[in-house]
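Structure first, then comments.
The values are calculated or read from the model by the stated rules, or taken from the named source; none is laboratory data. Computed from a predicted structure; not experimentally measured. Virtual Cβ from ideal backbone geometry, glycine too; neighbours counted across all protein chains shown.
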């Protein structure tokens, strides 16, 4: 019995057969033992699934797999018969010979049970408390007829594996994970020592400094939408994010500039817009407001829509992968396409990012996900009206860490029925130059990047009223009408107007 702790990663169903063969060789010694199986709580992972794998075992033995009260019982005998005879001790002559098949003792694979409360132990290595309970059970089993010397960990966490190895170094852990899609040396090798050096051809996927390309990443919309990357537009409901996303999609599909200011793609880029929360006719009305019918003449296929009437394709589904090749993908909102149920979970964020990464590697030109920020993002006491990646995206260490562009948005009209007046700030957009403002339908840029004050200034001491007052004056409204409608003093309006005139004068004369 080895005193060195072992853990093996298991890859693919053929490897399971090899594990069973190794275990049978060990358990058919004179030292009987139990093999325990732990799983996570996913349905279908357990004794039945392991029984199916056992039936696929291929070696020198014919296997028989039965479900018994003690778990999965795997029995068998050798395929080939071996001569067994009696020899004369003096002459060595064989007196009697008969073909005999070697029979192996049954191997029982059982789910772990905590005998104290008679419950299944799932993911025993995920928490320190469960691992300590497991250690006690294993140590207790040493005094029993069948000591536990092997643990098969299926789809479970290995976080506290070192604790188990330290306390029970005689236990060998087989860790099964769903990695059967791997090919090459990994698949051929089957079982390999856990976290030890592997003989793999990793070098071909690493580059030296001289191998790195000089060509910069392409921006499909200048400063806002990078190619082959994840972009997030974070905004509460009734802000205008769907209108802005459609406008971006139209700019890409037609190869034109976004809002007649941000440089668009060098040539038209096909897009597919997934909007499972809007009826097709309602989404069509959104597009009509932006003049889509006229703008898409001759290139309708460049802008495809999948609305509420269609089923939602998972990010890793064949339909999603095939439809995204050569197209830019909008997810409105990306919550429909995220399998995770915990927005603050770093692990779930990485799983989402892996699926986005797979889409891009399969030929997708990039993904823009529309996102609802947490409720506290508009709470002045908590945010001081400062818009940051941390307060606009839950789990920003996860989702915020994997995206390359993030646009935070806020409707500056206190009443959304007054229409769109959207403040847009780049939260992860180097080179943008500052926040900008978009207003009206059709959309128009009213404050260029760097011209708009930041959100905390806009909302401080009636800042939003200041912008509204200036707009009303530019529309030809009288001073008296503006003061009455906005409930502001004439002196305040005079001050705001003078500040606006000074700003315009400095801009025209190139003053800082």
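Tally up the residues in the range 421-457 that are in contact (Cβ under 8 Å) with a residue 60 or more places away in the chain and in a helix (DSSP H, G or I), please.
2
Which condition number does residue 131 fail, the rest of (1) within 15 Å of residue 34 (Cα to Cα); (2) out of contact with any strand residue (DSSP E or B) (no Cβ under 7 Å at 6 or more places or on another chain); (3) in contact (Cβ under 8 Å) with a residue 12 or more places away in the chain being met?
For residue 131, the failing item is (1).
Please work out which one of (1) part of a strand (DSSP E or B); (2) surrounded by fewer than 24 Cβ atoms within 10 Å (Cβ to Cβ) is the condition residue 232 fails and give its number.
Checking residue 232 against (1) part of a strand (DSSP E or B); (2) surrounded by fewer than 24 Cβ atoms within 10 Å (Cβ to Cβ), the one that fails is (2).
Please verify whether residue 234 is closer than 21 Å to residue 408 by Cβ and at pLDDT below 90, treating the condition exactly as stated. Working first, answer last.
On the way: closer than 21 Å to residue 408 by Cβ: yes; at pLDDT below 90: yes.
Yes: the conditions hold for residue 234.
Find the residue count for the range 114-140, including only residues that are at pLDDT below 80, in contact with a helix residue (DSSP H, G or I) (Cβ under 9 Å, 6 or more places away or on another chain) and not in a loop (DSSP other than H, G, I, E, B).
Going through the range 114-140 one residue at a time, the tally reaches 1.
Residues 481, 467: which one is outside the structural domain of residue 289 (by TED's automatic domain parsing), touching a residue at least 40 places away in the same chain (Cβ under 8 Å) and not in a loop (DSSP other than H, G, I, E, B)? Steps first, answer last, please.
Details: 481 fails: touching a residue at least 40 places away in the same chain (Cβ under 8 Å).
After applying the criteria, what remains is 467.
Restricting the range 158-169 to residues that are crowded, with 16+ Cβ neighbours inside 10 Å and not in a helix (DSSP H, G or I), which is modelled with the lowest pLDDT?
158
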